[in-house]
1. In contact with a Pro (Cβ under 7 Å, 6 or more places away or on another chain), of a type outside the set (A, V, I, L, M) and assigned to a loop (DSSP other than H, G, I, E, B), is that true of residue 250?
2. Output the residue which, of all residues in the range 110-123 that are in a helix (DSSP H, G or I) and free of Cβ contacts under 8 Å to residues at least 60 places away in the same chain, is farthest from residue 230 (Cα to Cα).
3. Within the range 70-83, take every residue that is touching a residue at least 24 places away in the same chain (Cβ under 8 Å) and open to solvent by 40 Å² or more (accessible area, probe 1.4 Å) and give me the one that is farthest from residue 243 (Cα to Cα).
4. Within the group 20, 13, which residue is under 25 Å from the mean Cα position of the chain (by Cα) and at pLDDT 85 or above?
5. Based on what the data block shows, is residue 206 open to solvent by 30 Å² or more (accessible area, probe 1.4 Å) and either part of a loop (DSSP other than H, G, I, E, B) or closer than 30 Å to residue 186 by Cβ (or both)?
6. Inspect the range 271-290 for any residue being surrounded by 15 or more Cβ atoms within 10 Å (Cβ to Cβ), in contact (Cβ under 8 Å) with a residue 12 or more places away in the chain and of a type in the set (Asp, Glu) and give the result as yes or no.
7. I want to confirm something. Restricting to the range 225-242 and keeping residues that are touching a helix residue (DSSP H, G or I) at 6+ places or on another chain (Cβ under 6 Å) and not in a helix (DSSP H, G or I), which single residue is surrounded by the most Cβ atoms within 10 Å (Cβ to Cβ)?
8. Would you confirm whether or not the range 216-223 contains a residue that is open to solvent by 70 Å² or more (accessible area, probe 1.4 Å) and of a type in the set (A, V, I, L, M, F, W, C)?
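The values are calculated or read from the model by the stated rules, or taken from the named source; none is laboratory data. Treat the numbers as computed from the prediction; the structure is a model and nothing was measured. Because the Cβ atoms are built from the backbone with ideal geometry, glycine has one as well, and the counts that use them run over all protein chains shown. We work out accessible area using only protein heavy atoms, side chains counted, and drop any ligands, DNA or RNA first. Shrake-Rupley method; radii C 1.70, N 1.55, O 1.52, S 1.80 Å.
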Amino acid sequence: MVRRDPVFRAVAASVFLAGALVMLLPVWYALAIASMPEDGRLSIGSLPGPMLIDTLADVIRDPVIQRQLFNSLVMATAITAGKIVISLTAGFAVVYFRFRGRALAFWAIFLSLMLPVEVRIVPTYAVAADPLAPLIGGLRLLGVEIGLSPSLLDTHAGLVLPLIASATATFLYRQVFLAVPADLVEAARIDGAGPLRFLRDVALPLAAPATAALAVILFVYGWNQYLWPLLITTDERMATVVMGVARTLPTDNAETRWGLTMGRALVAMAPPVILVLVLQRRLVAGLTDVGK
């Protein structure tokens, strides 16, 4: 229901405008600083100047940040694709398959929502550093010695694999599939559709709006990761662009080059912003269609 009360509409518009200003103020701050000379002073009325283009061009031409952008793109894209594939099939199995332990599997997925990355980061690091340790330990008990010691540290696989499962996305797909009418499922069964055909011809098209919205959210999530890449990588060639922005801030008493830092921050935030602007209609449609 949409309220036509002019007072309510004025209050709502004021709150919306205030929220937008609060959200955009740091971006305006970054634009103003990136367009100033290193010895310039920022004031309330500072506006982005002609140096902004030069600063951004210098940042983009830097081969270091080009490598960091590539690493972030690989990480965000692989996390997005992996989470969607795993969550889609897991949600489909929980809703449409009857097997022993189905309820236990669902509640295990649901409870993992309570465990953010920061809580399980130490055991996750231990697994990534030596993923075959349980297997090697079991073989050693049987008297078998193998010389393998693989590690995911300083690799793209290490950046992606520990973050590739999502309880939130699985729960979202479960809700989408639960909203599919039972008559439609029965009609597909009478038509001779097996599980794979039903998934391809019925479930996937119905889940398309949610998938589009989820892809945007997961890409932004993967792109903005900072703590896990900081822990899993020590090789500068594997650093992400978010890590690169943080590393422009000196840890000693050296003077900070704020223009360079803000220029890198603007370049780092550009891909997610462009993606959201391009897919904003699909994002809104997907979020509002879930559960209908």
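1. Numbers: in contact with a Pro (Cβ under 7 Å, 6 or more places away or on another chain): no; of a type outside the set (A, V, I, L, M): yes; assigned to a loop (DSSP other than H, G, I, E, B): yes.
So residue 250 fails the test.
2. The first filter runs over the range 110-123 and keeps only residues in a helix (DSSP H, G or I), leaving 110-114, 121-123.
Adding the requirement that they be free of Cβ contacts under 8 Å to residues at least 60 places away in the same chain leaves 111-114, 122-123.
On the way: 111: 27, 112: 23, 113: 23, 114: 23, 122: 13, 123: 16 Å.
Taking the candidates together, the pick is 111.
3. Restricting attention to the range 70-83, the residues satisfying the condition of being touching a residue at least 24 places away in the same chain (Cβ under 8 Å) are 71-80, 82-83.
Going one step further and asking which of them are open to solvent by 40 Å² or more (accessible area, probe 1.4 Å), we end up with 73-74, 77.
On the way: 73: 13, 74: 15, 77: 17 Å.
Filtering first and then ranking leaves 77.
4. Details: 13 fails: under 25 Å from the mean Cα position of the chain (by Cα).
Answer to the check: 20.
5. Details: open to solvent by 30 Å² or more (accessible area, probe 1.4 Å): yes; either part of a loop (DSSP other than H, G, I, E, B) or closer than 30 Å to residue 186 by Cβ (or both): yes.
Spelling it out, residue 206 is indeed open to solvent by 30 Å² or more (accessible area, probe 1.4 Å) and either part of a loop (DSSP other than H, G, I, E, B) or closer than 30 Å to residue 186 by Cβ (or both).
6. Kept after step one, since they are surrounded by 15 or more Cβ atoms within 10 Å (Cβ to Cβ), are these residues of the range 271-290: 271-272, 275, 279, 282-283, 285-287, 289-290.
Okay, now just the ones that are also in contact (Cβ under 8 Å) with a residue 12 or more places away in the chain, so 271-272, 275, 279, 282-283, 285-287, 289-290.
Within this subset, residues satisfying the condition of being of a type in the set (Asp, Glu) are 289.
Within the range 271-290, one or more residues are surrounded by 15 or more Cβ atoms within 10 Å (Cβ to Cβ), in contact (Cβ under 8 Å) with a residue 12 or more places away in the chain and of a type in the set (Asp, Glu).
7. 240
8. Yes: the range 216-223 contains one or more residues that are open to solvent by 70 Å² or more (accessible area, probe 1.4 Å) and of a type in the set (A, V, I, L, M, F, W, C).
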